[in-house]
Structures are given as structure tokens and as C-alpha cells.
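Please treat every number below as a calculation from the coordinates, not as lab data. Computed from a predicted model, the values in this text were never measured in an experiment. No Cβ is skipped: glycine too gets one built from the backbone with ideal geometry, and neighbour counts run over all protein chains shown.
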Amino acid sequence: MLDTTSFPKAKKIWSMGKIHPWSDTTLHAMTHALHYGTSTFEGIRAYATPAGPKIFRLPEHVDRFFVSAGVLKMTVPYTKEEVTEAIKLVVRENELESCYIRPLFFYGYGNLGLIPKASQPTLVISAWEWSSYMGEAALGGIKAFISPWRRVHHSQLDMRAKLGGVYVQSTIAGLEARALGVDEALFLNIEGHIAEGPGENLFVVKNGGIKTNDRTESILEGITRTSILEIAKDLGIKTSIGPITIDDLTKADEAFFTGTAVEVIPVTQLIDGSDRNVPKRETTIGAGKPGPISVRLRKAYMDIVRGADPKYDRWLTPIK
């Protein structure tokens, strides 16, 4: 049996049209994606609501999943409707109320040249209970480290796609940050502007308004990011989209990360390690604690995903 300590309550996995016991899946060492990162994935959450578990913005995630597969030149052997039903089935089969869901397309076993001409696209879908990505302590604010590595540029890759191979850069930067005792990394783009975290978008707050950046700043335009922009407008909070400089961040009243895994997490401390030739500089953002806008938006977001705000029921898909 596989150890499921890191995958609480995971009992079954969906693979190419069938449900299998979690421990029964195998992967050949010559799988194409294992060598070249030729995979695409989604991170999706389901939440317990008064009407049973519901999945947050499932159609938007499935749409992006297929866009990413297209960027990877995959011929997907399933329709969007089939993938949607398979995702809901996995949650039901694992008897989960709240969970993280990971659909994964990858080029499988077949050949090991760079071009996967004999490696067939494979789809697996898993789900497990996963609460806060950074732990409950992160709600009090985290420390971020501006990495000296620059984010993959939008001129080099279609930034709409969530590709497995791109995330090796995220892993390296995240490991560097944690080796420094810091909670998370933060990338600049080639132009020297703030891009994004390893798996999160960034917002800054100034004079009661929020600002984030777009795909031309070398980010994945996250679904949580899009949701927060809409929620903020509905709450009467001014929003803007455009480049964010290091100065914008260090002088912000507040800052926060957004993403499916982290949800909405305040960033209260910053270490600037962007220039290897200059000593690292530490800055407190705003008052050094979660600010009122960050707190308000997180509460609104969590109310929505848990079914406590009927105005946004359209964003929730029941699993049954």
C-alpha cells in the first residue's frame, strides 16, 4: 500500500476512463512526461456547503485545461463534458466533502524522442483532503522572497497554459525561499517588474484600491485572481490591472497572494534577493499584518466558495 500521509482520505483515482484503488496505479520509467515535463494540469477545489460539496468554478478550470492541452499539441481523447463528469465522480468515489482536485494530462509511454510521436496522451484525475496550502498560521501574513531568477517570459511561451515543465522553475525558487526560512518565493519578469509567485498571483493594495498584473507581465491569469477582481468590484473596491514594480510592492498598504491552493493569503514581509550582487533587503509591507482590504476580500471569497453567498451560486458546481 502506498503511504497516503500527504494525501489524506485519498482512496481512489480516475485513470483513462476507469476508477482504480489509489495504490494500484503504475507509471513506466520511460513515460515521456517524466523526462520532458510534457504535461498539463489543473488545481481545483471542492468545498463543503449547506447543500453538499460543490466545486468552485469547474467549467473555467476545464476550459483552461483544454487550452493548455492545445498549447502542448495534445489530441485529447475526451470531451469537456466527459472530463467534468469524471472530476465529479472522483470526488464522490472518495467520499470527500472538501478537497483539492488534480486533473493531469500527460504524454505517456511510447517513445523517448523530444517529439512524442508514439506517446499517447493520458488523463488521470485525483482528489484528496487538503486544507490551507501554507497552514493556518499563514492567515496572519507570510514573508516572501524575491528570487533572482526571472519568470518565463510571455514572448517565450503561451502564458494561458498551465504546463508541468514550466513548474520546475517554481519548485527551484520555492526551495530556495524555504532554505532561507521564508514562506514563499516571488518572481520578477525580464523587464524587472513583479510577475507572480511560484503558484500564485499577487495583488497590491494602495489607498483603498487593489492592483494586479496581466499575462504580458509573464503570469498565469489565475481563476482565483479573476474571481477576486470581480468580487472586489461588487464590494465597491477600486480595481486596476497593470505593471507592478518592486517599489509598488514595498510601499503598498497591503499585499496578498491568490490561487486555488493558497486561496487568499496576506503578504506582510518581503526579502528582496532579486540582485545577487546586492545584499538582501528586508521590508515590512504596510503595518506588517493583514490589512482591512485583504481580510475583507478573503472573508468574501471564503463565504462564496462555501455557499454562504447565493449571489455567486453560479460559480459552484454540485458533485451530484
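Annotations
- Alpha carbon centroid spacing (whole Å) that separates segment 1-43 from segment 103-165: 14
- Think of each Lys and Arg Cβ as +1 and each Asp and Glu Cβ as -1; about the Cα centre, that makes the dipole of segment 136-305 roughly 100 debye.
- Look at the alpha carbon pairs under 8 Å that are at least 6 residues apart: their mean separation over the length of the chain gives a relative contact order of 19 percent.
- Summing charges over neighbours of Thr226, with a neighbour being any other residue whose Cβ is under 10 Å away from its Cβ, gives -1 when K and R count +1 and D and E count -1.
- Applying the criteria of a DSSP loop state and at most 15 other Cβ atoms within 10 Å to the trypsin sites (Lys or Arg not before Pro) of segment 69-116 yields Lys73.
- FRET E, pair Arg150, Glu95, Förster distance 51 Å, beta-carbon r, rounded to 0.05: 0.70
- Once the C-beta distance of Glu82 and Leu180 is scaled by a Förster radius of 51 Å, the resulting FRET efficiency is 0.70 to the nearest 0.05.
- Among the listed pairs Lys18/Lys320; Lys211/Lys311; Lys80/Lys117; Lys54/Lys311; Lys12/Lys299; Lys143/Lys299, those with a Cα-Cα distance over 27 Å are Lys12/Lys299.
- Gain on full extension, evaluated as 0.36 nm per residue between Ile241 and Asp24 minus their Cα-Cα distance, stands at 73.5 nm.
- Near Pro148: Cβ cut-off under 14 Å, other residues only, Lys/Arg at +1 and Asp/Glu at -1. The net charge is +2.
- Rounded, prolate or oblate (a/c below 1.5 giving rounded, otherwise prolate when a/b exceeds b/c) for segment 68-196 by Cα gyration tensor: oblate
- Once both labels are positioned 7 Å from their Cα atoms along Cα-to-Cβ, the gap between Tyr167 and Glu60 label points is 1.9 nm.
- Three-way shape label, the chain, alpha-carbon gyration tensor, a/c 1.5: oblate
- Considering only Met159, Met30, Met74, the Gaussian network model of the chain with Cα springs below 10 Å gives its largest mean-square fluctuation to Met30.
- Charge dipole (debye, nearest 20) of the chain; +1 at Cβ of Lys and Arg, -1 at Cβ of Asp and Glu: 260
- For Asp234 and Asp214, the difference between the fully extended length at 0.36 nm per residue and the C-alpha to C-alpha distance is 5.2 nm.
- When the Gaussian network model of the chain links Cα atoms closer than 10 Å, the mean-square fluctuations of Leu249, Leu139, Leu180 top out at Leu180.
- This model, with +1 at the C-beta of Lys and Arg and -1 at the C-beta of Asp and Glu, gives segment 32-186 a dipole about its Cα centre of some 500 debye.
- Measuring nothing but how far apart in sequence close Cα pairs (under 8 Å, 6+ apart) lie, relative to its length, segment 136-305 scores a relative contact order of 26 percent.
- Net charge of neighbours whose Cβ lies under 13 Å from the Cβ of Ile271, counting Lys and Arg as +1 and Asp and Glu as -1: -2
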